[in-house]
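Heads up: the structure comes next, in structure tokens.
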Amino acid sequence: MLTAEVRHGPLRAVPAPAKIVVVIALGLLCAVSSSRVLLGGVVGLGAVALVAARPVWRRLGGLAGWWAVALVVTAGMQLVTRDAAAATGSVLRMAALCLPALAVMASTTPEELLDVVLGATRPLRRAGLATHTLALTVALTIRFVPELVDQAQTLRDAQRARGLRPAVLPVTVPLLLRCLDRSRTLSEAIVARSFFDRSEHP
Amino acid sequence: MNEVVKARAVAEVALFAALIVALGTVPSLYAFGLAVPLTAQTLGVMLAGAVLGPKRGSAAVAVVLVLVMASLPVLSGGRGGVAVVVGPTGGFLLGWLPAALVVGLVARRALCLPTRYRVPGLVVACLAGGVVVDYALGVPWWAVVTHQDLALTAGQAVAFLPGDLVKAVLAGMAAAAVHRQLGQRSHDHAGHALRGDGVQDVAGGEVLTEPVGFSGAVEVGRAGDQQVPAGGERDQAGDLDR
């Protein structure tokens with residue numbers, strides 16, 4: 001799940017934390033400003049960055065398509081309810097938010113981004129947040145997604161085999177109960193490996 | 001906090017975070033047998049709050065948001081990344097966190113109600129968190145990002161209401177069914193108290209006062225340990241469920 005193709009380009013060499021900080025700063029700037037010059041500038045910068053990132057469109061295709069639909073719908077709503085100027089402003093703002101973020105996604109692997117997010121929580125250790133526990137939880141989540149997807153599919157197949165149409169409750173309730181059962185065995189495994197003893201006294 | 005309780009918390013949070021992600025990959029769930037497809041991830045958020053409780057439910061959502069920020073395709077339609085968070089739906093996404101918290105808090109009250117009021121109580125919990133709180137964050141965010149009038153945006157958001165109302169009802173019913181099953185299991189096996197009242201591990205002589213979600217304590221201790229609810233209210237919740 002974490003493997004993703006990222007091509008080498010000028011943006012690839014920029015450290016992931018720096019890219020994230022720039023995207024957040026630009027996002028905040030665009031959220032509070034209504035200057036079209038500024039928004040247009042950020043759109044241009046984002047477009048150049050996205051091209052420079054040499055994106056694998058297969059990876060970004062769905063997201064870029066979703067953004068395109070959101071842009072068209074928003075522009076249409078603004079044209080109907082307000083005027084062309086408002087529609088242009090909305091489209092510029094959304095593009096200014098989306099293009100730099102897409103450029104970061106195209107030039108950074110999920111592992112690097114996960115390191116940034118988990119690294120950002122490290123100062124919270126002083127406030128009592130167990131960052132090693134957070135890292136374990138994230139790792140376990142990634143590990144169990146395919147298993148739960150398989151289980152949901154198995155439950156739906158079982159319904160079909162009985163001639164039933166797939167419905168929400170008959171799939172969700174057993175899935176929840178399996179989750180709770182699995183969490184019991186998983187917690188026993190965590191305790192058996194003395195995870196908390198080792199993480200608190202490395 | 002006891003090591004066993006901590007491990008149980010980590011496992012439950014991880015599994016429910018994985019469940020929220022997994023529900024996003026199931027495209028064809030149909031409500032009440034009708035041909036109305038539902039995006040089931042909001043359902044997962046409501047379920048996390050209603051089954052795990054406020055702290056663990058919102059922790060599970062926080063883990064999902066960490067994965068979203070790391071650009072993993074964990075949202076429905078294979079979406080993920082900062083681009084989604086800063087987009088029009090970013091407010092609804094970040095709103096999942098307080099939504100799960102509120103669902104858990106209200107559900108905790110709902111589980112103290114007599115049996116026949118539990119399903120409506122849990123549905124109200126899911127509505128309060130999954131609809132009221134989530135929309136309270138999502139709609140203004142949407143208006144700011146698209147630079148639209150707030151009233152107009154709220155009008156557009158009404159289109160999502162029917163689906164979310166159905167999800168809240170389903171989540172309430174599913175959570176009630178899960179709590180009922182857990183109550184029956186604990187009655188059959190060890191007699192643990194529901195609602196996280198804490199259990200007493202007789203063999204170890206140790207009292208676990210930390211609530212283990214709402215499932216209270218589905219077999220918290222080591223296999224073979226005899227456990228009774230703290231306060232000597234054995235099987236009370238299990239009996240209420242019948």
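General observations
- In this entry, chain A is assigned a mean projected area of 17.0 nm², taken as a quarter of its C-alpha convex hull surface.
- Spin-label pair A:Arg54-A:His8: with each label point 7 Å from Cα along the Cα-Cβ axis, the two points sit 0.8 nm from one another.
- One compactness figure for the range B:2-161 is 1.06, namely its Cα radius of gyration divided by 2.2 N^0.38 Å.
- Top of A:Arg54, A:Arg12, A:Arg126 by mean-square fluctuation, Gaussian network on chain A, Cα under 10 Å: A:Arg126
- With a Förster radius of 41 Å applied to the beta-carbon distance between A:Val73 and A:Ala127, the computed FRET efficiency rounds to 0.50.
Every read-out reported here was derived from the displayed coordinates using simple, explicitly stated rules and does not represent laboratory data. From a predicted model like this one, the values you see are computed outputs, not experimental measurements. With ideal geometry, Cβ positions are generated from the backbone for all residues, glycine too; neighbour counts draw on all protein chains shown.
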